[in-house]
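Okay, structure first, notes after.
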Amino acid sequence: MSTTLIIFTVLAIGAAAYFFLIASKRIKDTDGDMVADVVEEKLEELQKEFKKRAKNVKAELADVKKVAKELVDQVEDVAEAAKGKKRAGRKPVAKKPVAKKPAVKKTTAKKKPTSPKKPANKK
């Protein structure tokens, strides 16, 4: 119980100091709502950031929902394929034959055949 009393006493002293500083104009409060202007500005910044993040999360969740739906469809197709049914999904794209470049013949200089040298007979 004494711990609770100490906590409430510290909070009461802090609140009294805060209200005294606002009343004596040491903490700026232009609109007179007993909330410091610095705190109000920070809350507005946080609110804008929160809205921006919420919008981004909503867009990402929409993407995830769309992909999850496609995944379920694909899983159903796999199950049907395992049962032996024909493929119902997208057909594979026919591969186009690659155009071959005409072969360039390399011309090499013909070497003259060399006749074997006969050893000179010394007599």
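A short reminder: the numbers here are calculations on the coordinates, not readings from a lab. Just so it is clear, the model here is predicted, and its values are computed rather than measured. All Cβ positions, glycine included, derive from the backbone under ideal geometry; neighbour counts span all protein chains shown.
List the pairs whose first member sits in region 12-37 and is free of Cβ contacts under 8 Å to residues at least 12 places away in the same chain, whose second member is aromatic (Phe, Trp, Tyr) and in a helix (DSSP H, G or I), and whose Cβ atoms are under 9 Å apart, counting only residues at least 6 apart or on separate chains?
Qualifying pairs under 9 Å: ARG26/PHE20; ILE27/TYR18.
Which of the residues that make up region 29-41 are assigned to a loop (DSSP other than H, G, I, E, B), of a type in the set (D, E, K, R) and surrounded by 11 or more Cβ atoms within 10 Å (Cβ to Cβ)?
So the first thing to find is which residues in region 29-41 are assigned to a loop (DSSP other than H, G, I, E, B), and the list is 29-36.
Still in the running and of a type in the set (D, E, K, R): 29, 31, 33.
ASP29 - this is the single residue of region 29-41 that is assigned to a loop (DSSP other than H, G, I, E, B), of a type in the set (D, E, K, R) and surrounded by 11 or more Cβ atoms within 10 Å (Cβ to Cβ).
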